There are 2 protein chains.
Amino acid sequence: MNDLKSKSTIYDVAKLAGFSPATVSLALGGSPKIKESTKEKIRDAAGKLKYQPNFLARGLVKQETKTICLIIPDNLNPVFAEITQGVEHFAYGRGYSIILCITNEDAQREKFYLEIMRNNRADGLLVFPTFFQVVQEEALKLKASGIPFVIVGRRIEGMDSDYVAIDLESGGYKAADFLIKLGHKKIGIIYGVANPDLGKSRLEGFKRAFLENGIHFRTDFVKGCGYRIHDGYKVAKELLSDKDRPTALFAINDLLAIGALKAVRELGLKVPADISIVGFDDIEFASYSDPPLTTVSLKEKEMGKAAVEMLIDRIENTSAGGRHGAILIEPELIVRDSCAKII
Amino acid sequence: MNDLKSKSTIYDVAKLAGFSPATVSLALGGSPKIKESTKEKIRDAAGKLKYQPNFLARGLVKQETKTICLIIPDNLNPVFAEITQGVEHFAYGRGYSIILCITNEDAQREKFYLEIMRNNRADGLLVFPTFFQVVQEEALKLKASGIPFVIVGRRIEGMDSDYVAIDLESGGYKAADFLIKLGHKKIGIIYGVANPDLGKSRLEGFKRAFLENGIHFRTDFVKGCGYRIHDGYKVAKELLSDKDRPTALFAINDLLAIGALKAVRELGLKVPADISIVGFDDIEFASYSDPPLTTVSLKEKEMGKAAVEMLIDRIENTSAGGRHGAILIEPELIVRDSCAKII
DNA sequence: CTGATTGTTTATATCGTTTTGACAAAGCCT
DNA sequence: AGGCTTTGTCAAAACGATATAAACAATCAG
């Protein structure tokens with residue numbers, strides 16, 4: 001009866017309802033110029049044919065896709081998984097879909113995504129940068145093309161654009177200050193350095209706390225590695241198996257800290273009695289590890305929401321020239337049970 | 001000099017290079033009919049204008065988007081986060097982008113996404129179903145519209161479509177059989193039941209093991225809840241604070257198991273000496289918990305890859321009528337340190 | 001010098017919408 | 001009745017690419 005064999009177009013609906021395509025478009029769009037009775041007939045026909053307006057055709061004429069592109073380094077890290085979840089959620093709330101690009105911490109891929117997304121596939125971009133230089137370069141092209149974008153998560157020094165970020169330097173400072181106040185002087189740092197841009201701010205804040213407290217900062221206690229649990233495990237073992245070992249560890253993210261926790265257990269040491277540990281990010285697991293982890297909250301949810309709102313406002317208020325939007329969120333130290341006073 | 005003020009079209013490139021738009025299209029497409037020297041000029045012009053072909057216009061005429069839509073329940077659960085990561089990775093490898101839809105375990109939203117995605121936004125769909133009935137209904141419309149889709153992760157009884165799934169029943173059986181062989185008879189089950197379709201297969205497999213071993217299955221030890229860590233924590237406390245308490249716990253996913261681990265610790269009991277725990281999914285954290293968790297591996301990576309390949313093959317071999325593709329992966333019991341023999 | 005052949009380029013139709021301005025029909029007012 | 005709104009519908013022109021068939025030039029054979 002109905003030709004359900006293939007996609008139906010506005011012409012099919014028009015023919016079935018006995019009106020022109022223009023009328024169908026108006027009617028389904030809810031225009032007040034169309035008589036209620038014909039709207040009814042058209043809705044009926046559209047229903048029968050299970051009509052869905054072609055996204056591409058509509059996008060082409062309306063010059064919008066109701067889509068935003070989210071670029072992140074890694075969806076396995078709960079931090080980004082949560083950002084993704086939040087972004088999707090709030091975008092959905094405002095009628096946008098999201099297209100997800102995972103760079104896998106590869107500069108080529110980050111560049112590729114930023115490049116290709118100038119092709120009208122999305123109305124705007126949310127970028128969690130990995131390689132600052134790549135992002136900075138591509139951002140210029142995006143600006144030239146007039147595509148709105150918001151930098152999320154990190155502030156790129158000397159770059160003039162919208163951003164929603166966390167004050168990572170301050171977070172590093174808080175972590176170090178906390179440990180120092182507990183009496184720790186020998187603090188090992190598990191430092192993800194696959195990419196030099198990333199841990200830098202946290203480390204700088206960390207150093208500042210040492211400086212302000214008049215304590216010597218031992219660079220031999222800083223050990224670089226990747227960003228996954230296993231890396232933290234490995235590096236913690238190295239740091240702790242030395243006879244002159246640290247009394248506390250600061251991991252640049254919670255995954256590394258969780259790896260470190262396991263390393264400490266395996267070495268027969270106790271957290272926090274023997275070794276104090278501070279993480280960074282406050283992922284959900286941080287409060288379920290044994291012991292629950294003292295860490296610095298990244299407030300991903302807040303960040304995701306703010307970024308989406310900022311981007312969509314930019315997209316929809318085409319007027320919005322003027323200054324760029326800037327939100328710098330202050331991280332918070334979450335004290336749990338993984339640190340102890342030194343005696 | 002260059003008008004970098006806004007997006008440039010194929011017409012701009014044509015004018016700058018001194019050829020027609022048709023020639024530009026052919027040239028950039030690498031057609032052998034175009035002289036090398038003019039290709040050169042056209043590439044130059046395109047480069048100067050930073051030209052990117054309009055995705056919407058191209059999609060409209062080519063009837064393809066090189067995009068696939070992935071629908072999952074929840075990106076905070078590492079299982080889905082990993083699926084997402086894998087899908088994105090392999091899709092990228094074959095030149096596809098992914099648009100991510102998170103239903104948040106809401107039937108309305110699942111329906112909405114399945115509905116809207118018939119609008120030519122994507123060339124195909126990957127669906128990790130939450131509400132089987134919703135999916136089954138919408139699948140009919142998708143089929144009618146001729147849009148390829150693959151059901152991922154779970155097999156829907158009596159539904160004729162492509163799928164890549166795990167044999168969850170068998171997984172449940174393996175978990176139970178393992179505990180029974182260790183001598184456990186009183187096994188508490190932490191059962192996520194926000195949606196009745198989800199844990200069912202695992203539970204059935206579990207029951208079968210009891211039946212085959214001739215042990216009475218105590219339904220009062222089955223406790224429903226949500227799917228997050230916190231739920232596992234709460235339910236485990238309930239189950240264990242009774243005087244007639246189980247000697248082992250089976251959690252329907254690893255998040256719940258990790259919550260249970262914390263509950264056991266807080267009750268002053270030891271895993272596995274006092275209580276054995278088996279999880280399900282084998283998320284990365286399962287091997288970093290204390291103690292490392294015995295669990296059933298879901299092989300998400302394998303699953304994600306197989307699903308993408310199957311879908312893209314469907315999309316590209318338009319011919320591929322015939323029978324549907326079906327892959328049922330056998331889950332594997334991963335034995336770590338969270339279970340002990342009963343004495 | 002004509003006609004066929006080959007090699008390049010271009011005009012034109014198309015994809016499926018939305019959006020104007022035009023137009024016919026109907027209603028109201030002198 | 002004739003003019004003037006008002007109301008409801010539609011024809012036609014975008015949007016920016018690709019694909020096809022036709023046009024044009026240059027080369028070659030007879």
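Some points to look at:
- Label-point gap, in nm, between B:Glu332 and B:Glu40 - each point 7 angstrom along Cα→Cβ: 5.6 nm
- On Cα atoms only, tilt of B:254-266 relative to the major axis of chain B in degrees: 40 degrees
- The relative contact order of segment B:1-150 comes to 21 percent, based on Cα pairs under 8 Å that sit 6 or more residues apart.
- Amide H to amide H, with H built 1.01 Å from N, B:Ser97 comes under 5 Å of B:Thr67, B:Ile68, counting only residues 5 or more places away or on other chains.
- Taking all pairs of distinct alpha-carbon atoms in segment B:269-343, Kirkwood radius in angstrom: 14.9 Å
- Taking the DSSP beta bridges with both ends in the protein assembly as shown, the antiparallel portion is around 10 percent.
- Inter-part distance where segment A:168-221 and segment B:140-197 are each reduced to a Cα centre, Å: 47 Å
- Summed residue charge, Cβ within 11 Å of A:Gly59's Cβ, Lys/Arg positive, Asp/Glu negative: +3
- Shortest-first nm distances, A:Glu330 label point to equivalent points in other copies (7 Å, Cα→Cβ): 5.9
- Built amide H within the under 5 Å cut-off of A:Val222, gap 5+: A:Ile189
- Cβ charges +1 (Lys, Arg) and -1 (Asp, Glu), total dipole of segment A:201-343, debye: 420 debye
- Shielding by partners - mean other protein chain Cβ count within 10 Å, residues of A:262-269: 1
- Sorted largest first, the spans of the alpha carbon positions of segment A:2-125 along the three principal axes are 55, 30, 24 Å.
- Residue by residue, segment B:16-24 carries 3J(HN,Hα) couplings of 4, 7, x, 10, 8, x, 4, 4, 4 Hz when phi is fed to the Karplus relation 6.51 cos²θ - 1.76 cosθ + 1.60 (θ = phi - 60°); x denotes Gly or Pro.
- For segment A:194-204, putting each phi into the Karplus relation 6.51 cos²θ - 1.76 cosθ + 1.60 with θ = phi - 60° gives couplings of 3, 9, x, 5, 6, x, 3, 4, 4, 5, 4 Hz, in residue order, rounded to whole numbers and with x for Gly and Pro.
- Cα gyration tensor shape of chain A, rounded if a/c is under 1.5, else prolate or oblate by comparing a/b with b/c: prolate
- Euclidean distance of C-alpha centroids, segment A:65-133 and segment B:53-96, integer Å: 12 Å
- For the protein assembly as shown: rounded, prolate or oblate by the Cα gyration tensor [a/c cutoff 1.5]: oblate
- The alpha-carbon of A:Lys186 sits under 29 angstrom from the alpha-carbons of these lysines, leaving out residues fewer than 8 places away in its chain: A:Lys174, A:Lys200, A:Lys207, A:Lys223, A:Lys234, A:Lys237, A:Lys243, A:Lys262, A:Lys270, A:Lys299, A:Lys341.
- 3J(HN,Hα) from dihedral phi, segment A:138-153, Karplus parametrisation 6.51/-1.76/1.60, rounded to Hz, x for glycine, proline: 5, 4, 4, 5, 4, 4, 4, 7, x, 9, x, 8, 10, 7, 10, x
- Out of every Cα-Cα pair that segment A:90-144 contains, those further apart than 13 angstrom amount to 59 percent.
- Across chain A, C-alpha contacts under 8 Å between residues 6 or more apart give a mean separation that, scaled by the residue count, equals a relative contact order of 16 percent.
- Annotation: amide H of A:Tyr163 within the under-5 Å range of A:Ile151, A:Gly325, A:Ala326, A:Ile327, sequence separation 5 or more or interchain, hydrogens built in the peptide plane.
- 7 Å along Cα→Cβ, label-point gaps from A:Val61 to other copies, nm, shortest first: 1.9
- Gyration tensor verdict on segment A:202-262 (Cα atoms; rounded if a/c is under 1.5, prolate if a/b is larger than b/c, oblate otherwise): oblate
- Cβ-derived FRET efficiency at R0 60 Å, B:Leu267 paired with B:Gln63, nearest 0.05: 0.50
- Counting from the shortest, the label point at A:Glu204, 7 Å from Cα toward Cβ, is 5.9 nm from the same position in each remaining copy.
- Translational diffusion coefficient of segment B:144-264 (Stokes-Einstein, Kirkwood radius from Cα pairs, 20 °C, 1.002 mPa s): 140 µm²/s.
- Alpha-carbon centroids, segment A:227-263 and segment B:250-300: separation in whole Å: 22 Å
Only the coordinates and a few stated rules stand behind these numbers; no lab work does. Since we're looking at a predicted model, the values are computed, not measured. Using ideal geometry, Cβ is built from the backbone for each residue, glycine included, and neighbour counts are taken over all protein chains shown.
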